[in-house]
Every structure is written in C-alpha cells, then in structure tokens.
Amino acid sequence: MQNHHDSRADGVAFDAVLVPHRSLPRWGFVLLMISTAIALAAIGLSFWSLGAWPVAGFCGLEVLLVWGAFELNYRSGRRLETVRLDDKTLRIDRIAPNGRSKYWTFEPGWVRVAIEPENAETNRLVLSSHGRRLQIGAFMTNDERSDLANALNDALVRWRSAPMDG
C-alpha cells in the first residue's frame, strides 16, 4: 500500500493507493544488467578463444532473457488499485499494466470486508455486498492485506456512525 488518507474534511473518509512492491529500483536494474552483460561477455569471449564460439551466442541470449524477464516484472508492477470511501460510495479502481481500467462501487452501509484463507500460506482480501464479491490487493503481502482490511473496516465503522447530512 503506497499511501493512505483518512479525512472527512474533503468528503473522503478513506483513500488508499495500492501498488505492487518492487525491491529493485530502475537504477539497480541498469547496474544489474551492465554487470550481467560484462560477466557473460567475459565468459563468452573466453569460450570463443578456446574455439567454442557457439557459447558466446548463448551468453548473449542469456543477457536478452534476463532483460526480458525483468521487463515483464516491471510491466506487471505498473498495475494499480485505488480504494476510496467518500460520502456516498466505496469505489475501487483497478488499472491493469496495459493501461485498461475498471471500477466497482459499493454502498458503504452494506459492504463487508473480510480476510479469507486462500491456502495454507496466503490469504485474500474480499469485499462483498448483496451477492457481489471483489478481491483486492492480490499483489500485496498477507500482512499488508490484513492492515488494509483493518484500516478500511475502521473507516467504514466511522462512516456508518457519522451523522447523515440532511
């Protein structure tokens, strides 16, 4: 969870932006790729000098495969979810890595927030209301999902207990 905002002053009771965590920043990726390319070039050239020139080609292919795998990882990291509770609705916006967006709205008075076990090691955060279910934060850790569920539940309790404007 990147940021989280709790304030009724602007009509927003809860606002969170969920983004996948990436432990290697872009500059770290560049350094990794440079060092990988240098190491594999040295290996490839040593095999080339021994007459095993096809190995050099495979070393180049390895650099491309490592680069491609990291690019796919960074692309998936462009996904984004927002959770926003205002005076009237709870709205979930989801932006996919390709830029497509989708949104769901729930009536805050009826929505339920639950942590459900997915398997022995992981859980999932599910919003439900009137037979509709939506899983959010699938890319987050178990602890992050639990923290988000607690914060959202707290915001919903405050929302439900706030006096209604006339």
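Computed from the coordinates by the stated procedures, all read-outs in this text should not be read as laboratory data. In this text the structure is predicted, and so the values were computed from the model without any measurement. Note that each Cβ is placed from the backbone with ideal geometry, even for glycine, and that neighbours are counted across all protein chains shown.
Brief remarks on what is shown
- Degrees between helix 142-161 axis and first principal axis of the chain (Cα, 0 to 90, nearest 10): 20 degrees
- Listed values for segment 101-116 are Karplus-derived 3J(HN,Hα) couplings in whole Hz (6.51 cos²θ - 1.76 cosθ + 1.60, θ = phi - 60°), namely 10, 9, 9, 10, 10, 10, 7, x, x, 10, 5, 10, 10, 9, 9, 10, and x replaces Gly and Pro.
- For the chain, size of Cβ-based charge dipole, Lys and Arg +1, Asp and Glu -1, in debye: 440 debye
- From phi via Karplus (6.51, -1.76, 1.60), per-residue ³J(HN,Hα) for segment 16-33 in Hz, x at Gly/Pro: 10, 10, 9, 9, x, 7, 10, 7, 10, x, 4, 5, x, 5, 4, 4, 4, 5
- Debye intensity ratio I(q)/I(0), log10, segment 26-76, q values 0.18, 0.19, 0.24 Å⁻¹ (C-alpha model): -0.57, -0.62, -0.83
- Rounded to the nearest 500, the 222 nm mean residue ellipticity of the chain from helices alone is -14000 deg cm²/dmol, with -39,500 (n - 2.57) taken per DSSP H run of at least 4 residues.
- Semi-axis lengths, Å, the chain, gyration tensor of Cα atoms, sqrt of 5 times eigenvalues: 48, 15, 13
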